[in-house]
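Everything below concerns the one structure shown next.
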Amino acid sequence: MQLTATHINYYHVCHRKLWLFTNGINMEHTSDTVYDGKLLHETSYPQRAERYTEIDISATTAEGIQLTGKIDFYDTKEKIIHEIKRSNKVEEAHEWQVKYYIWLLELNDISGVYAILEYPKLRQTKEVWLSEPDTIYLQETVHRVVALQQSEECPPKISSNICKSCSYYDLCYVEET
Ligand code: SF4
């Protein structure tokens, strides 16, 4: 199986969201929130693509799970990952997403990297570093993600505030609207 940063992000948002995504149900094309996020990505820092590098990285775990990631803005000189986000409502998921990138870089013998989460609309930034316990947690999380994907049962709804901005909202709550 191939695992991406999106799997890690969704795992920390909602297990049902991850399960739907890993089972090929993708509704991001219908989501205004996702469209808004992509627009923000393209317009917040127009010069950014010239300054930073887009990189694709991958690694394989001892159990044969393939890990991949695409970092949009990597400062190769300063070893900083810049990740732009629309809101900090699911900041924990954002943090694990960039920690996953740092881990992937470490698996490719690139150390000393950290990430900056950037919220242009909130005018906030946050530095994120990967610790040793974080690495162990990510190793375990990869197995949990695989187990969730292989489960035949769709996890229950979480009925959280974040559901309203989730691309699966209609699918989860259609019978209630
Ligand atoms: S709408 Fe809520 S319960 Fe449904 S997948 Fe999204 S976050 Fe999970």
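The values are calculated or read from the model by the stated rules, or taken from the named source; none is laboratory data. This one's a predicted model, so the numbers in the text were calculated from it and none came from an experiment. Cβ sites come from the backbone with ideal geometry, for glycine too, and all protein chains shown count toward neighbours.
Residues in segment 128-139 that are surrounded by fewer than 17 Cβ atoms within 10 Å (Cβ to Cβ) and either within 8 Å of the ligand (Cβ to nearest atom) or not aromatic (Phe, Trp, Tyr) (or both): Ser131, Glu132, Pro133, Thr135, Ile136, Gln139. Pairs are defined by a Cβ separation below 6 Å, a sequence spacing of at least 6 or placement on different chains, a first member in segment 155-172 that is closer than 12 Å to Met27 by Cα, and a second member that is in a loop (DSSP other than H, G, I, E, B) and more than 7 Å from the ligand (Cβ to nearest atom); the pairs so defined are Ser167/Met27; Ser167/Ser31; Tyr168/Met27.
When segment 1-20 is limited to residues that are more than 9 Å from the ligand (Cβ to nearest atom), surrounded by 20 or more Cβ atoms within 10 Å (Cβ to Cβ) and not hydroxyl-bearing (Ser, Thr, Tyr), the one that is farthest from Glu95 (Cα to Cα) turns out to be Leu3.
Condition check ((1) of a type outside the set (A, V, I, L, M, F, W, C); (2) surrounded by fewer than 12 Cβ atoms within 10 Å (Cβ to Cβ); (3) modelled with pLDDT of 95 or more; (4) in contact with a strand residue (DSSP E or B) (Cβ under 9 Å, 6 or more places away or on another chain)) across all residues:
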| site | (1), (2), (3), (4) |
| --- | --- |
| Ile102 | no, no, yes, yes |
| Ala115 | no, no, yes, yes |
| Pro120 | yes, no, no, yes |
| Thr141 | yes, no, yes, no |
| Ser165 | yes, no, no, no |
| Tyr169 | yes, no, no, no |
| Val174 | no, yes, no, no |
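Residues in segment 34-80 that are modelled with pLDDT of 85 or more, of a type in the set (S, T, N, Q) and closer than 24 Å to Tyr119 by Cα: 2 in all. Checking every residue in segment 78-91 against the condition of being polar (S, T, N, Q) and more than 16 Å from the ligand (Cβ to nearest atom) gives at least one match.
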